[in-house]
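Following: one structure in C-alpha cells, then a few remarks.
Please treat every number below as a calculation from the coordinates, not as lab data. Remember, it's a predicted structure, so these values are computed and weren't measured experimentally. Neighbour counts are summed over all protein chains in view; Cβ atoms, including those assigned to glycine, are modelled from backbone coordinates with ideal geometry.
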Amino acid sequence: MKNIGILLSGRGSNFEAIARNVAAGKIPAKIALVISNREQAPGLKRARQMGLKTLFISPKGKEREAYDQEVVTALKVAKVDLVCLAGFMRILSPVFVRAFPGRILNIHPALLPAFPGLDAQKQALDYGVKFTGCTVHIVDEGMDTGPIVLQAVVTVLDDDTEESLSARILKEEHRIYSEAVCLMLEDKVRIEGRRTVLRQ
Ligand code: GAR
C-alpha cells in the first residue's frame with residue numbers, strides 16, 4: 001500500500017475529496033500524514049477529526065530551505081510515496097522538489113500556463129476568457145510550471161462572479177485531483193520532457 005502526504009494551508013476541500021476517495025477504496029493508498037504551515041487551517045482540523053496523523057510546521061523565523069527540509073524529513077519519516085499539494089500556499093524550494101523528483105502533485109484553479117500564481121479565478125474573469133478550468137501538474141522547480149497530468153475545462157458565464165466561477169472550478173478540481181492521484185499511484189504517468197503520457 002502506497003503512502004500519500006498532503007500539504008495544505010487553508011480550507012482543505014481538495015484534501016477532503018482525496019480523503020473521501022481513499023476511505024471509499026477508490027484511491028489505493030493510505031494518507032500517512034497531513035502537514036500545514038498554518039496552525040489554524042480548517043483542513044488540518046478536519047484531518048485531525050478524521051483520525052489522520054497531522055503536523056503543523058511553523059514557518060516562523062525559518063529560511064525557506066530550512067523549512068522545506070523539515071517538511072521533507074517529516075514526509076520521509078512517514079514513508080510518503082506521493083506528495084499532494086492541496087492549497088499549500090508556499091513556493092517549494094529545490095531542496096523539496098529534489099527530495100521527491102516527479103512525485104509531487106499540485107492543483108491549480110486555471111488552465112495552465114494561463115493565470116499562474118494567486119487569484120487565478122479572478123485573473124481569468126478580469127482577462128475575459130470564455131473558458132478556464134483547473135490543472136493537476138507535477139511540481140518542478142518553477143511556479144506552476146511542471147508537466148501537466150490532467151486538466152478540466154469550465155465555461156465562464158456572462159454573469160459569473162469570482163465566487164460562482166470558483167465554485168464550479170472547485171467541483172472539477174475535486175474530480176480530477178483524485179483521478180490524477182490514482183494515475184500516479186498506479187505508475188500510469190510517464191514524463192516525456194514537458195509532456196506526460198498516460199497509460200489508462
Ligand atoms: C484550490 O482552489 C486550489 O486550486 C488553489 O487553492 C484552493 C484551495 O482550496 N490553489 C492554488 O491557487 C495554488 N496556486 P482547498 O483548500 O479547499 O483545497
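Brief remarks on what is shown
- In the chain, helices alone account for a calculated mean residue ellipticity at 222 nm of -11000 deg cm²/dmol, with every DSSP H run of four or more residues adding -39,500 (n - 2.57).
- Farthest toward the positive end of the dipole of region 154-200, out of LEU183, LEU170, VAL156, is the Cα of LEU183, where the dipole comes from beta carbon charges about the Cα centre.
- Shape box of the chain [Cα atoms, principal axes, largest first, Å]: 48, 39, 34
- Listed values for region 83-90 are Karplus-derived 3J(HN,Hα) couplings in whole Hz (6.51 cos²θ - 1.76 cosθ + 1.60, θ = phi - 60°), namely 9, 10, 7, 10, x, 8, 8, 9, and x replaces Gly and Pro.
- Pairs of Lys residues in region 41-200 that lie 8 or more places apart, or on two chains, and have C-alpha atoms under 25 angstrom apart add up to 18.
- Residues in region 32-46 carry Karplus couplings, in order, of 7, 6, 10, 10, 9, 8, 10, 4, 8, 4, x, x, 5, 4, 4 Hz; the curve used is 6.51 cos²θ - 1.76 cosθ + 1.60 with θ = phi - 60°, and Gly or Pro positions show x.
- Note on region 4-61: Cα Rg divided by 2.2 N^0.38 Å, N the number of residues, gives 1.08.
- Amide H contacts of THR54 (H built 1.01 Å from N, under 5 Å, at least 5 apart or other chain): VAL34
- Fraction of the pair-distance distribution of region 82-200 above 16 Å, Cα-Cα pairs, percent: 58
- Across the chain, the longest piece that holds none of the trypsin sites (Lys or Arg not before Pro) lying in DSSP loops with up to 12 other C-beta atoms within 10 Å covers 131-193.
- Computed from backbone phi, the HN-Hα couplings of region 188-196 come to 9, 10, 9, 8, 10, x, 7, 9, 10 Hz, rounded to whole numbers (Karplus: 6.51 cos²θ - 1.76 cosθ + 1.60, θ = phi - 60°; Gly and Pro given as x).
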